[in-house]
């Protein structure tokens with residue numbers, strides 16, 4: 001049985017996202033994400049779940065960013081056979097069936113992911129990312145469960161942190177390297 005999210009990533013959702021005018025915040029967050037990935041010598045990146053395409057908009061010079069999303073967002077699609085890095089920023093918790101990522105992960109040397117992570121001592125009932133009942137967030141991760149998620153797919157964590165602070169305090173980011181890629 002496949003669980004479908006109740007939230008519809010359609011034209012209405014896209015209009016709501018555009019109306020919020022997050023440009024300044026998006027720039028801050030995406031520049032922090034690129035800084036987090038600094039040193040990887042990236043040439044090709046896939047922004048899986050690109051939304052409004054801010055990662056591509058703020059990409060460093062010389063980096064080609066392909067954009068893919070299930071919604072009606074402007075996107076290039078998955079245009080390359082391989083990627084230096086696949087980014088899943090604020091995406092993994094929304095995906096009903098993780099098997100859709102198998103081919104994407106097979107094409108990646110690195111995967112960079114950000115997910116909401118419940119702060120220690122915080123009640124989940126009052127947490128702003130507690131969106132399970134709405135069908136928007138279908139999965140929740142701890143540091144250990146995220147590491148296991150990638151380990152079974154042949155990746156090891158090489159970097160972790162919270163680069164989006166202070167803008168977003170409960171978002172955890174981690175970079176994973178395919179085991180057969182030189183460190």
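With respect to residue 132, determine if the residue is within 15 Å of the chain's Cα centre (by Cα), surrounded by 11 or more Cβ atoms within 10 Å (Cβ to Cβ), more than 23 Å from residue 64 (Cβ to Cβ) and at pLDDT below 90.
Values: within 15 Å of the chain's Cα centre (by Cα): no; surrounded by 11 or more Cβ atoms within 10 Å (Cβ to Cβ): yes; more than 23 Å from residue 64 (Cβ to Cβ): yes; at pLDDT below 90: yes.
Taking the combined requirement at face value, the residue does not satisfy it.
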On the basis of being in a helix (DSSP H, G or I) and either closer than 27 Å to residue 182 by Cα or out of contact with any strand residue (DSSP E or B) (no Cβ under 9 Å at 6 or more places or on another chain) (or both), does residue 105 make the cut? yes
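Within segment 166-175, is there a residue that is at pLDDT 85 or above, over 16 Å from the mean Cα position of the chain (by Cα) and within 27 Å of residue 25 (Cβ to Cβ)? Steps first, please.
So the first thing to find is which residues in segment 166-175 are at pLDDT 85 or above, and the list is 166, 170-175.
Filter once more, keeping what is over 16 Å from the mean Cα position of the chain (by Cα): 166.
From what is left, the residues that are within 27 Å of residue 25 (Cβ to Cβ) are 166.
Yes, there is a match, as at least one residue in segment 166-175 is at pLDDT 85 or above, over 16 Å from the mean Cα position of the chain (by Cα) and within 27 Å of residue 25 (Cβ to Cβ).
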How many residues does segment 140-169 hold that are part of a loop (DSSP other than H, G, I, E, B), surrounded by 16 or more Cβ atoms within 10 Å (Cβ to Cβ) and in contact with a helix residue (DSSP H, G or I) (Cβ under 9 Å, 6 or more places away or on another chain)? 6
Picking from 79, 108, 123, which residue would you name as being surrounded by fewer than 16 Cβ atoms within 10 Å (Cβ to Cβ) and under 27 Å from residue 152 (Cα atoms)? 79
Give the residues of segment 39-90 that are touching a helix residue (DSSP H, G or I) at 6+ places or on another chain (Cβ under 6 Å) and without any contact (Cβ under 8 Å) to a residue 24 or more places away in the chain, sorted by residue number. 65, 67
Could you tell me which numbered condition residue 97 fails, if it satisfies all but one of (1) over 19 Å from residue 177 (Cα atoms); (2) touching a strand residue (DSSP E or B) at 6+ places or on another chain (Cβ under 9 Å); (3) modelled with pLDDT under 95? (2)
Modelled with pLDDT of 90 or more and in a loop (DSSP other than H, G, I, E, B) - does that describe any residue in segment 115-126? no
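The values are calculated or read from the model by the stated rules, or taken from the named source; none is laboratory data. Just so it is clear, the structure is predicted and the values come from calculations on it, not from any experiment. We place every Cβ from the backbone using ideal geometry, glycine too, and count neighbours over all the protein chains shown.
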